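Student: This is the structure, below, for whatever I ask next.
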Amino acid sequence: MSSFKKFFFTGILWKFLLYVSAFFLNAFIAHRLGATDSGRFYYLLNNLSFVILVLSLGFDAAVNYYNGAREISRNQLFTLSAIFCVAISIVFIIIYFFIVYFSIIPSNTFNSYIIWYVVGSLTFNVFTAFYYSEHKHIVPNLVMAVCNTLLIFLLPGVLYNNAISTTGFFHIYLSMNLIAALLTVAFLYIRGARYTILNLKNILSAGIIKFSLQSFVSALLFTLLLRCDYWLVNYYCSNAEMGNYLQTSKFVQLVMLLPSLASFSLFPLIVQSIISEIGIEFKLIRLMNGYIYISLFICITLVITGRLLFPFIYGNTYDKMYKIFLLLIPGIISMAATYPLNSYFAAKKIIATNLLGIAISIIILVFADILLIPRYAVYGAAIGCSLGYCSYFFILLYHFKKQADFRLTELIQFKLFFSEMKFVLNKWRS
């Protein structure tokens with residue numbers, strides 16, 4: 001197996017372990033809380049994820065790129081990352097203190113744990129970029145998978161009914177990312193990363209600030225594309241409907257597991273292929289073809305089984321998930337095919353293409369949601385989401401067609417998919 005495919009599948013395997021643990025944790029929480037309460041909790045986590053994204057300023061993407069491309073030394077990046085995380089965390093804590101002090105948000109027992117969650121998530125995201133850019137996927141994924149497993153066992157009602165309260169469980173949940181972050185940094189230090197005196201002139205001349213900000217804008221818009229409908233659903237719909245929609249969205253992430261996992265491995269590999277002037281476009285076409293068919297097969301399976309499967313996994317309060325999922329299928333398949341294109345344009349530093357596609361798609365999605373949600377509730381949100389995702393795929397595909405000479409029918413050729421899967425299986429057996 002070529003080094004490209006070896007690193008590619010290794011990254012998928014370990015990220016898959018993390019997603020499986022997250023899936024079971026999510027399912028247990030959904031059963032324990034029901035659609036209404038889990039909807040409120042996951043809505044909080046969604047808002048915190050947006051805060052973390054804003055605080056990161058795209059620095060994690062810059063670490064991934066510059067460490068993978070070897071344009072800045074590893075120790076320089078390690079030191080800069082530590083300074084960045086400490087500085088941003090201090091800024092966030094000060095701002096959050098004043099927000100609570102002036103009662104912009106009410107004071108409660110979760111406030112300090114929210115700080116740990118944000119600081120831990122920010123630090124974890126930045127330092128895991130070192131592992132992914134070096135194709136070392138075991139440590140960050142295994143650490144977080146172990147944390148998720150511990151949370152499953154601690155959830156009231158799983159092993160013991162009264163070991164800890166539900167509130168105590170969520171305190172531990174919000175603290176766990178900080179523990180994972182500290183372990184990840186410690187293992188990185190054991191693997192040879194060291195603090196050093198920064199050469200700011202070389203760092204700034206490499207263009208890391210510009211790259212970070214461009215990546216931040218791109219990630220911000222992409223997150224809005226994936227999650228802006230949550231705010232509209234929260235505004236127009238009940239907590240129970242919100243819980244159904246959020247849980248369906250999280251399940252959709254499982255359907256898009258392969259392209260999502262692959263994107264973490266794909267970006268540094270594309271960067272190195274571009275630097276080495278190795279043609280990457282044909283490989284991306286085969287990847288898109290594979291993603292389309294794999295997503296299609298998974299969706300067909302869930303169309304057949306989902307009516308019984310969703311209530312079995314999550315509980316009877318999630319009675320709207322099946323119809324929401326059906327309406328999301330066109331968007332699922334389209335979004336799955338965008339991951340190779342997104343990584344390709346980012347690696348070639350043609351970030352403007354990603355930004356344009358996302359911006360147009362957000363406008364389409366929000367406009368459709370505003371028209372459809374008041375009348376069709378969460379089903380209208382699902383239709384608007386599919387329209388936005390499909391628009392994003394076709395915009396990226398249009399610009400990729402300018403970069404590569406291929407026929408659009410290659411994306412849906414089953415023969416191409418079958419031959420690639422046969423090749424992968426043969427290599428895997430050998």
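The values are calculated or read from the model by the stated rules, or taken from the named source; none is laboratory data. Since the structure is predicted, the reported quantities are computational estimates derived from the model, not experimental observations. Don't worry about glycine lacking a Cβ; one is built from the backbone with ideal geometry, like all the others, and counts go over all protein chains shown. With ligands, DNA and RNA removed, areas are computed over all heavy atoms of the protein, side chains included. Shrake-Rupley method; radii C 1.70, N 1.55, O 1.52, S 1.80 Å.
Student: Answer with yes or no whether Y245 is touching a residue at least 12 places away in the same chain (Cβ under 8 Å), over 23 Å from N125 (Cα atoms), open to solvent by 40 Å² or more (accessible area, probe 1.4 Å) and not aliphatic (A, V, I, L, M).
Tutor: no
Student: Moving on to the next point. Would you pick out the residues in region 304-325 that are in a helix (DSSP H, G or I) and more than 16 Å from L254 (Cβ to Cβ)?
Tutor: I304, R307, L308, P311, K323 - these are the residues of region 304-325 that are in a helix (DSSP H, G or I) and more than 16 Å from L254 (Cβ to Cβ).
Student: Is there a residue in region 378-396 that is modelled with pLDDT of 65 or more, assigned to a helix (DSSP H, G or I) and surrounded by fewer than 12 Cβ atoms within 10 Å (Cβ to Cβ)?
Tutor: No, region 378-396 contains no residue that is modelled with pLDDT of 65 or more, assigned to a helix (DSSP H, G or I) and surrounded by fewer than 12 Cβ atoms within 10 Å (Cβ to Cβ).
Student: Please determine whether any residue of region 74-86 is aliphatic (A, V, I, L, M), at pLDDT below 80 and in a helix (DSSP H, G or I).
Tutor: Looking for residues that are aliphatic (A, V, I, L, M), at pLDDT below 80 and in a helix (DSSP H, G or I), one finds none in region 74-86, hence no.
Student: Across region 159-195, which residue is modelled with the highest pLDDT among those that are more than 30 Å from L44 (Cβ to Cβ) and open to solvent by less than 60 Å² (accessible area, probe 1.4 Å)?
Tutor: It comes out as G192.
Student: For region 118-137, what are the residues that are open to solvent by 20 Å² or more (accessible area, probe 1.4 Å), at pLDDT below 90 and part of a helix (DSSP H, G or I)?
Tutor: none
Student: Considering region 326-368 alone, what residues qualify as being surrounded by 24 or more Cβ atoms within 10 Å (Cβ to Cβ), hydrophobic (A, V, I, L, M, F, W, C) and more than 19 Å from L257 (Cα to Cα)?
Tutor: A346, I358, L365
Student: What do you reckon, is V91 open to solvent by less than 70 Å² (accessible area, probe 1.4 Å), touching a Leu at 6+ places or on another chain (Cβ under 9 Å), assigned to a helix (DSSP H, G or I) and at pLDDT 90 or above?
Tutor: When the stated conditions are applied, V91 does not pass them.
Student: Separate question: Being among the β-branched types (V, I, T) and more than 22 Å from A206 (Cα to Cα) narrows it down to one of I72, I105, I83, so name that one.
Tutor: Result of the check over I72, I105, I83: I105.
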